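Quick notes on the structure that follows.
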Amino acid sequence: MTRTKWKAASRAALALAGAGALAAGMALFATAPAAAGTTLGASAAEKGRYFGTAVAGFKLSDSAYTTILNREFNMVTAENEMKMNATEPQQGQFSYGAADQIVNHARSRGMSVRGHTLAWHSQQPGWMESMSGSALRSAMLNHVTQVATHFRGQVVAWDVVNEAFADGSSGGRRDSNLQRTGNDWIEAAFRAARAADPGAKLCYNDYNTDNWTHAKTQGVYNMVRDFKSRGVPIDCVGFQSHFNNDSPYVSNYRTTLSSFAALGVDVQITELDIQGASAATYRSVVEDCLAVPRCNGITVWGIRDSDSWRASQTPLLFNSNGSKKPAYDAVLAALNNGTTPTDPPTDPPTDPPTDPPTTPPPGQGGCTATVSVNQWTGGFVATVKVTAGSSAINGWTVGIALPSGATVTNAWNANRSGSTGSTNWTNVAYNGQVGAGQFTEWGFQANGTAGTLTPTCSAS
């Protein structure tokens with residue numbers, strides 16, 4: 001909500017309850033602020049939607065950061081502060097201070113809050129990582145219950161389960177300690193969340209589910225269809241939509257959103273960032289959401305490029321100095337226009353990226369690797385770019401020495417050997433071939449402090 005008090009907006013939502021579930025859900029985000037049409041949140045609210053951002057608690061002391069946050073957005077998602085390792089660092093001992101700070105900041109300014117996330121294979125506390133079987137199942141359900149209960153009435157939607165499906169052609173579940181507790185663990189988590197907070201929307205959230213033809217997308221779709229048919233309490237599906245050269249925006253994106261919505265769930269774009277911040281692609285994403293009545297909001301994953309976990313890709317709406325990009329103007333114009341075009345979007349736009357990242361020129365043949373880091377208290381994300389030299393390469397290996405105390409917890413687009421100290425990384429099946437002078441990117445998340453990472457690269 002934008003520039004309105006939470007209680008007043010809640011009363012408005014209740015008053016519309018008889019108008020049907022969709023109308024009531026949309027009322028959570030629909031207000032008529034004085035600044036309508038001049039900011040992202042205000043314009044989205046005019047269309048019965050929200051426009052939000054991921055927020056890091058430690059950045060709330062940055063006045064430039066909060067100025068943009070308070071002005072532009074009507075929904076916030078805690079970037080890391082509601083995850084399992086943050087909220088239950090020791091079993092049975094819950095810590096909400098950092099998350100409460102974000103919730104209080106948002107609600108005191110009339111913004112809504114999305115909860116992220118209750119159950120996930122990654123960023124688990126160490127005590128949970130070492131558990132298995134029925135003990136882990138019980139601990140997970142207790143975590144869902146306790147955290148959802150703590151934030152009851154303060155969070156409008158929860159990412160109950162995050163990233164439970166595998167990449168690739170299987171369309172099946174990801175192998176994880178949670179999956180090994182039983183194939184019904186996702187259903188059990190949703191039922192526990194509903195019991196703990198009956199008023200919150202309950203979402204499943206994942207990445208690489210944007211393309212309707214992908215097996216992973218179909219796997220999630222089949223799960224949601226099954227849940228709806230059996231009365232499992234699922235209200236929404238979140239699409240992370242981290243668009244980049246390896247996972248670009250596709251013309252069937254709107255088909256994906258509308259197909260899930262047809263199952264009787266809301267759809268939300270939960271972690272949007274676009275490599276190079278193409279104005280045309282941002283505009284297409286907004287238009288796709290506006291064309292699907294049950295697409296009730298968009299969240300960008302960070303405010304300025306310097307706040308992004310993929311800072312080197314300059315993927316957000318504001319430059320690192322806080323100035324608006326052409327992509328911002330495109331998004332605002334699309335929101336204000338509010339059209340619902342009948343034709344599907346065209347092929348991915350090819351306009352050049354704004355403020356493209358710079359990369360040291362690769363040497364003759366071989367490959368080079370560079371790394372950018374997004375650090376927060378207790379952890380970091382490293383994005384690694386592998387660039388081919390003067391000749392194409394068919395595979396690559398990157399070595400990274402991690403400082404003492406740093407431990408890898410999650411990785412994407414690369415195979416790894418080792419989680420501490422000297423780690424080695426190799427390409428996966430789809431990103432080993434890199435043309436001369438071209439690059440591919442992958443990354444990992446770790447606990448601890450990154451320090452100075454100096455990767456080495458060898459090619460095959």
Taking 0.36 nm per residue of separation between Gln375 and Ser417 and subtracting their Cα-Cα distance, the length gained on full extension comes to 12.9 nm
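Taking a threshold of 28 Å on the Cα-Cα distance, which of the pairs Lys47/Lys83; Lys83/Lys216; Lys47/Lys216 fall above it?
Lys47/Lys83; Lys47/Lys216
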Separation of segment 129-183 and segment 258-275 by C-alpha centroid, Å? 20
Quick check: residue separation of Ser95 and Thr38 times 0.36 nm, minus the Cα distance between them. What number comes out in nm? 16.8 nm
Run the simple label-point estimate for Ser122 and Ala333 please: 7 Å along Cα→C-beta, distance reported in nm. 3.4
Considering only protein heavy atoms and a 1.4 Å probe, what is the carbon-and-sulfur percentage of the accessible area of segment 40-337? 47
If a helix is a whole DSSP H run, which ones in the chain reach 15 Å or further along their own axis (Cα) and hold a mean Kyte-Doolittle hydropathy of at least -1.0? 97-108, 133-150, 185-196, 215-230, 279-290, 326-337
Under 17 Å from the Thr149 label point (7 Å along Cα→beta-carbon), backbone N, segment 174-218: 189-200
Segment 40-337: radius of gyration and largest Cα-Cα distance (Dmax), Å: 18.1, 52
Using a Förster distance of 35 angstrom, determine the FRET efficiency expected from the C-beta separation of Ala215 and Ser138, and round it to 0.05. 0.65
Taking a probe of 1.4 Å and leaving out DNA, RNA and ligands, the chain shows per residue an accessible area in Å² of 37
Extending each Cα 7 Å along its Cβ direction at Arg71 and Asn245, get the distance between those two points in nm, one decimal. 3.3
Have a look at the DSSP beta bridges in the chain and tell me what percent are antiparallel, nearest 5. 55
Tell me the label-point distance for the pair Ala392, Ala195, using the 7 Å Cα-to-Cβ offset, in nm and rounded to one decimal. 5.7
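The values are calculated or read from the model by the stated rules, or taken from the named source; none is laboratory data. The structure displayed is predicted, hence computed values, not measured ones. Heads up, the Cβs are rebuilt from the backbone with ideal geometry, glycines too, and the neighbour counts pull from every protein chain shown. Each accessible area value is taken on the protein alone, full model and side chains, heavy atoms only, with ligands, DNA and RNA left out. Shrake-Rupley method; radii C 1.70, N 1.55, O 1.52, S 1.80 Å.
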